[in-house]
Amino acid sequence: MDALRDACPAATVGVGNGTITPPPSHGPTRKALKVGKYILLKTLGKGSSSEVKLAQHSETGEHVAVKVMSKTWIQDNGMTAAVNREITLMSNLKHRNVVELKEVMNSPTSVYMVMELVKGHELYDEIVEQVMLPEPRARKYFRQIVDGIAYLHSQGVVHRDLKPENILVSSDGVIKITDFGLSAMCGRGNSHRRQRSVCGTPYYTAPEVFGGGGARSYDARRADVWSAGIVLFTMLAGQLPFEGNSAEQALDLISTQEVVCPAHFSAEARDLVARMLTKEATTRISLEGVALHPWLMGHKVRVACIVEDTGVLCVEDMGVLCVEDTGLVCVEHTGVCSAHYGSG
């Protein structure tokens, strides 16, 4: 499981369950640091480029997570454009399964990103603790992961670094996708722009991303599907499908080795993983196909297709008019399908 942690972990905005209280004071009272209307209380996590602090709104009492980035570090590492991009795209995102950016503030030395506080844990930690997740729980989480990714893609955003460390699980089981430091705007629908950047966490990166060394473009939406497939495999198996002894070895395995699912995987789970981890991006299952796969749908009726920009998945491109076995019903002449979530 050590390889699940990459060399560049992101600071999480997740915290443990229970009541949040400021840390106890010892000795002389220190004045709390205040940024805007937020009082910074304690550090929740640290990454290579930032730290995340617990904060409280001085008027409403609301607790939030504040990502603090040094302007000196940003400038010295040529990250100004990347940070501006992250702020811009996050400012336009609002979905149940995506961590919300509430506001951004500046001081002479730092940038402060005020984000929704998720009381819970990283998906990574749950995988480590449980070794592997039962399929019903993995299915519950993965449905939400797919819904969150679908919303991002509907907004013209590709994540490009999906992994268990960047997926939070709230105390009531709600998935929140976080850390958009490597994300990019790729356009919507037919205006989609292919990417060339070689980026992401090696163990979760699709072969087409690093295979061309940046010389060939790729569809980052399909690359997100690959990364989500690695997350699904890891939830069910408790280990990575392509691990090796180093990141370089993992990349070689991703390029050359077919995925092998453990015997305890159900037939439907094995089929979905294989389709998501198809090395040829053009024949890899689409995100819409993932949402309609029997393993993900189980015996429940799922939402199928929606109005553009809502983030709910659409089957229009699949030419589906009516799928009796899934309970999806299309409204003629509108292109909008309607269905309801089943229980469980």
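The values are calculated or read from the model by the stated rules, or taken from the named source; none is laboratory data. Please read all numbers here as calculations on a predicted model, not as lab measurements. All Cβ positions, even for glycine, are placed from backbone atoms using ideal geometry, and neighbour counts span all protein chains on display.
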Subject >> Given (1) part of a loop (DSSP other than H, G, I, E, B); (2) of a type outside the set (A, V, I, L, M); (3) more than 29 Å from C186 (Cα to Cα), index of the condition P241 fails >> reply: (3)
Subject >> In segment 245-275, the residues that are more than 18 Å from P134 (Cβ to Cβ) and touching a His at 6+ places or on another chain (Cβ under 9 Å) >> reply: D271, R275
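Which one of these is touching a Gly at 6+ places or on another chain (Cβ under 6 Å), among the small types (G, A, S) and surrounded by 21 or more Cβ atoms within 10 Å (Cβ to Cβ): A250, A228?
Values: A228 fails: touching a Gly at 6+ places or on another chain (Cβ under 6 Å).
Exactly one residue qualifies, and that residue is A250.
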Original post:
All but one of (1) loosely packed, with under 12 Cβ neighbours inside 10 Å; (2) closer than 14 Å to M115 by Cα; (3) not small (G, A, S) hold for D76; which doesn't?
Top reply: (2)
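Inspect segment 56-66 for any residue being assigned to a helix (DSSP H, G or I) and either surrounded by 21 or more Cβ atoms within 10 Å (Cβ to Cβ) or under 19 Å from the mean Cα position of the chain (by Cα) (or both) and give the result as yes or no. Full working, then the answer.
Just the residues of segment 56-66 that are assigned to a helix (DSSP H, G or I), to begin with: none.
Looking through segment 56-66, none of the residues is assigned to a helix (DSSP H, G or I) and either surrounded by 21 or more Cβ atoms within 10 Å (Cβ to Cβ) or under 19 Å from the mean Cα position of the chain (by Cα) (or both).
In segment 116-137, which residues are among the acidic types (D, E) and in contact with a helix residue (DSSP H, G or I) (Cβ under 7 Å, 6 or more places away or on another chain)?
In the first step, residues of segment 116-137 are kept if they are among the acidic types (D, E); the result is 116, 122, 125-126, 129, 135.
Matches in segment 116-137: E122, E135.
Could you say which residue among K119, K140, K163 is within 20 Å of K53 (Cβ to Cβ) and either at pLDDT 95 or above or touching a strand residue (DSSP E or B) at 6+ places or on another chain (Cβ under 9 Å) (or both)? Break it down into steps so the answer makes sense when it comes.
Values: K140 fails: within 20 Å of K53 (Cβ to Cβ); K163 fails: within 20 Å of K53 (Cβ to Cβ).
K119 is the lone residue from the list that is within 20 Å of K53 (Cβ to Cβ) and either at pLDDT 95 or above or touching a strand residue (DSSP E or B) at 6+ places or on another chain (Cβ under 9 Å) (or both).
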Original post:
When both residues are 6+ apart or on different chains and their Cβ atoms are under 7 Å apart, which pairs have a first residue that lies in segment 92-116 and is at positive phi, and a second that is outside any strand (DSSP E or B) and at pLDDT below 95?
Top reply: none
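Looking only at segment 39-55, count every residue that is part of a loop (DSSP other than H, G, I, E, B), surrounded by fewer than 16 Cβ atoms within 10 Å (Cβ to Cβ) and either in contact (Cβ under 8 Å) with a residue 60 or more places away in the chain or not hydroxyl-bearing (S, T, Y) (or both) and tell me the total. Write out each step before concluding.
Taking segment 39-55 as the starting set, the residues that turn out to be part of a loop (DSSP other than H, G, I, E, B) are 47-50.
Now restrict to residues that are surrounded by fewer than 16 Cβ atoms within 10 Å (Cβ to Cβ): 48.
Still in the running and either in contact (Cβ under 8 Å) with a residue 60 or more places away in the chain or not hydroxyl-bearing (S, T, Y) (or both): none.
Here the count works out to 0.
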